[in-house]
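Engineer: Structure incoming, see below.
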Amino acid sequence: MSIFSSIGRIASELNAARTRFNTARSIRSLPIELQKDIGWPEAFDSNTGYRRGHSGEAI
């Protein structure tokens, strides 16, 4: 495996991670009702009734 193929693989993985992060950030910026409608898993904590933030703590 050459160094160029390794760099290309790492760049591809970073790009995929950045895309996932940006998608999650966009969905988290939607109103809670829309997040619940699309089934976003971190949208609402049914035990406490609070919306969940980025770090997992209730906001």
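Engineer: Residue check: is Phe21 surrounded by 10 or more Cβ atoms within 10 Å (Cβ to Cβ), aromatic (Phe, Trp, Tyr), modelled with pLDDT of 90 or more and out of contact with any strand residue (DSSP E or B) (no Cβ under 8 Å at 6 or more places or on another chain)?
Structural biologist: yes
Engineer: Restricting the search to segment 27-59, which residues are open to solvent by 70 Å² or more (accessible area, probe 1.4 Å) and at pLDDT 80 or above?
Structural biologist: Within segment 27-59, Ser29, Glu33, Leu34, Lys36, Asp37, Ile38 meet the criteria.
The values are calculated or read from the model by the stated rules, or taken from the named source; none is laboratory data. Just so it is clear, the model here is predicted, and its values are computed rather than measured. Neighbour counts are summed over all protein chains in view; Cβ atoms, including those assigned to glycine, are modelled from backbone coordinates with ideal geometry. For accessibility, only protein heavy atoms count, side chains too; no ligands or nucleic acids. Shrake-Rupley method; radii C 1.70, N 1.55, O 1.52, S 1.80 Å.
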